[in-house]
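Below is one structure, written out as structure tokens; the observations come after it.
FYI, it's all coordinate maths here, none of it is from the lab. Computed from a prediction, not measured in an experiment: that's the story for all the values here. All Cβ positions, glycine included, derive from the backbone under ideal geometry; neighbour counts span all protein chains shown.
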Amino acid sequence: NKKYNLISKHSQNDIWHRHVLDSAQLVKHIDHNNFSSLSDLGTGAGFPGIVLAIFYSDINKFHVKLFEKSKVKVNFIKYIIEKLGLKRLNVYSNDYQSHILNTDYIVCRAFKKLPEILRISRETAKKPHKLIVMLGKSAQEEINKASKDMIYKYKLVSSITQSDSKILLVDAKK
């Protein structure tokens with residue numbers, strides 16, 4: 001992290017809780033019987049995508065797509081994928097905009113502002129899909145500001161790792 005700045009310096013002393021567990025908590029929001037792919041937009045150092053790929057590694061049909069524009073982070077992720085021997089996992093070194101998001105779930109953690117995430121979900125992702133957005137302290141405020149773009153049913157749940165953080169669950173249907 002000192003050399004490549006993969007995660008925030010404020011969180012590097014608590015990687016397990018702040019990044020790994022924070023990512024792993026998403027499994028309780030994924031329908032394990034009805035999915036085959038997941039896209040992680042702006043995956044950074046691979047959170048939550050790599051953690052979810054490890055969790056679902058024994059499911060043959062499950063595929064994870066990681067999108068990250070930083071070449072340094074992409075190279076790090078490729079190294080981790082190889083080192084851990086992860087299968088059914090692709091990392092795209094260009095931006096998500098070059099792809100049609102043909103996926104069952106889209107996850108975002110510190111990616112973009114909520115209105116932009118909703119636009120991506122609405123305009124570039126197959127329907128139906130589920131959208132899981134990890135939000136901070138201002139989650140409700142962000143939802144209120146983005147409410148004109150919120151055309152789908154959603155639910156806001158508490159994070160297990162930070163009492164004031166929230167997870168936005170959106171059911172994006174046709």
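For this structure, a couple of remarks:
- Note: relative contact order over the range 64-117, using C-alpha pairs below 8 Å and six or more positions apart, is 42 percent.
- Dipole magnitude of the range 70-174 about its Cα centre (Cβ charges: Lys, Arg +1; Asp, Glu -1), debye to nearest 20: 240
- Taking 0.36 nm per residue of separation and subtracting the current Cα-Cα distance, fully stretching the chain between Leu169 and His32 would add 47.8 nm.
- For the residue pairs Lys71/Lys166; Lys69/Lys112; Lys113/Lys166; Lys61/Lys83; Lys65/Lys137, the alpha carbons lie more than 24 Å apart in Lys71/Lys166; Lys65/Lys137.
- Among [x] 74, 46, 27; [y] 53, 44, 35; [z] 42, 35, 29, the entry derived from the coordinates for Cα extents along the principal axes in Å: [z]
- Farthest toward the positive end of the dipole of the range 32-83, out of Val64, Leu41, Val74, is the Cα of Val74, where the dipole comes from beta carbon charges about the Cα centre.
- Debye log10 I(q)/I(0) for the range 24-93, one point scatterer per Cα, at q = 0.21, 0.26 Å⁻¹: -0.82, -1.21
- Each Cα pair under 8 Å and six or more residues apart adds its separation to the average, and for the range 26-152 the resulting relative contact order is 26 percent.
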